[in-house]
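**Q** Handing you a structure now.
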Amino acid sequence: MPPTELHNAQRQSTTFMYLYALAVSGGAVAYMPFLTILLPLRVTVLAPDTILATLAVAAFAGAFSASISNIAFGWASDVTRQRRGWILAGLIFSTALLLVMPYVAGSSLLIVMIVLWQFALNMMLAPLAAWAGDCIPDAQKGMLGGLLALAPALGALAGAIVTLDFFAVFPQRELLVACLVILMVGPVLLFGRPLPMPCLMERKGNEAGTSETVEPQAHPVARMWLARLLVQIAEASLFAFLLLWFRSLDPQFGENDAAGIFALVLGMAVFLSLAVGYWSDRENRPILPLIWSAGAAAVGLLMMALADGLLFAILGYVAFGIASSIFLALHSSQTLRVLPRPQRRGRDLGIFNLTNTVPSLIMPWLTLLLVPKYGFDALFLLLAALAIIACLLLLTMPRGRQAGLRA
């Protein structure tokens, strides 16, 4: 059988892929409602006079803990050659720590608990991310990326659920979040039986029984890492300050209006990511959608910079939001294609995870430097430039068999 036909014949079961996508979405549910809603509410009660300072310290310490622990537990799951056990342990410990949060008595202790919780949460998230690389072949990575777009959408939906009036009087909404996470992550641990894919554990450059080695520059890992970082900086900047910008254009713009736009963007991104991912698998063009979506994100940001009215501003954000969501979802799956050492896949994905945590450390200072003096337009122009650079990095990336990419 020719190598191409062999590659296409090695397909993972869709049942496992659906269970895996549900588990990844459970990971998003584990942190999005807590960090964006429940934690600020706890801080308001514990430290009403220092809310912003406490949240800033908690965010910084949590991001640092997440960065280190994601690399550490990814590496640990590589060394032990065991993903499922680490995922289960992380699920148990992070759930236990989350349930303790309502009983924390002081802001300093709360920050310590956030650090420990992030540590335990990444014990689950790091090996979960690497597991896909072990058992989902390149021919299905576009579909995987589309399914991964469900994670932020379901994370946002969970946040909406815990804020419903029905649960507003419930003193321990962390319990609701914990139950959702268990119900979403548990099925893949109990029923996930992926077909073995030994070919995915072969080092890049040794396909088809060859013994050639791959030169470091042949792998586009650095370009993929930097491109994601640039788009993540843009996405993180807008997530934090979008409502303020909309209100600068129209003071009547409310929180419900912003929530509706977020829901529209996330919902459309799921369906479009699935469609684009399916197309990239069928045409064997894994990187082209990333180039398109990075370029479209830049166009959306330019529209926002030029907007002088609310309607054009909303259209610009919708274009950016959908394009960046597609980029981040498909990038997560296609990154697995280019990592050169499967035996260190978890560790390497932990390094890629820095692109998710570093922007939260960069974004506040970037915004405070530009917006007060030059306005939001300058911020959007800078973010558009970052998205254009990401597009060019991918457009000029090495192609070919050694890089694991189609020219």
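The values are calculated or read from the model by the stated rules, or taken from the named source; none is laboratory data. Quick caveat, the model's predicted, so the values are computed rather than measured. Note: ideal-geometry Cβ built from the backbone for every residue, glycine included; neighbour counts use all protein chains shown.
**Q** If you check Ala58 against the conditions, is it in a helix (DSSP H, G or I), within 30 Å of Ile351 (Cβ to Cβ) and modelled with pLDDT under 90?
**A** Yes.
**Q** Here's a follow-up. Output the number of residues of the stretch 239-274 satisfying the condition of being closer than 25 Å to Tyr374 by Cα, part of a helix (DSSP H, G or I), without any contact (Cβ under 8 Å) to a residue 40 or more places away in the chain and of a type in the set (Gly, Ala, Ser).
**A** 1
**Q** Since Pro342 meets every condition but one in (1) at pLDDT 90 or above; (2) buried (at least 18 other Cβ atoms within 10 Å of the Cβ), which condition does it not meet?
**A** (1)
**Q** Among the residues of the stretch 317-324, are any hydroxyl-bearing (Ser, Thr, Tyr) and closer than 20 Å to Asn122 by Cα?
**A** Scanning the stretch 317-324 turns up no residue that is hydroxyl-bearing (Ser, Thr, Tyr) and closer than 20 Å to Asn122 by Cα.
Residue by residue, here is whether (1) polar (S, T, N, Q); (2) farther than 16 Å from Gln232 by Cα; (3) in a helix (DSSP H, G or I) holds:
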site	(1), (2), (3)
Ser293	yes, no, yes
Ala305	no, yes, yes
Leu315	no, yes, yes
Cys391	no, no, yes
Leu394	no, no, yes
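**Q** Looking at Leu383, Leu369 in this structure, which one is over 18 Å from the mean Cα position of the chain (by Cα), closer than 12 Å to Ser237 by Cα and among the hydrophobic types (A, V, I, L, M, F, W, C)?
**A** Leu383
**Q** Of all helices (runs of 4 or more DSSP H) completely enclosed by the stretch 95-163, which ones contain at least 1 residues that are hydroxyl-bearing (Ser, Thr, Tyr) and touching a residue at least 60 places away in the same chain (Cβ under 8 Å)?
**A** Here the list reads 107-135.
**Q** Given Val100, Val104, Val162, which one is surrounded by fewer than 16 Cβ atoms within 10 Å (Cβ to Cβ) and in the same structural domain as Met32 (by TED's automatic domain parsing)?
**A** Val100
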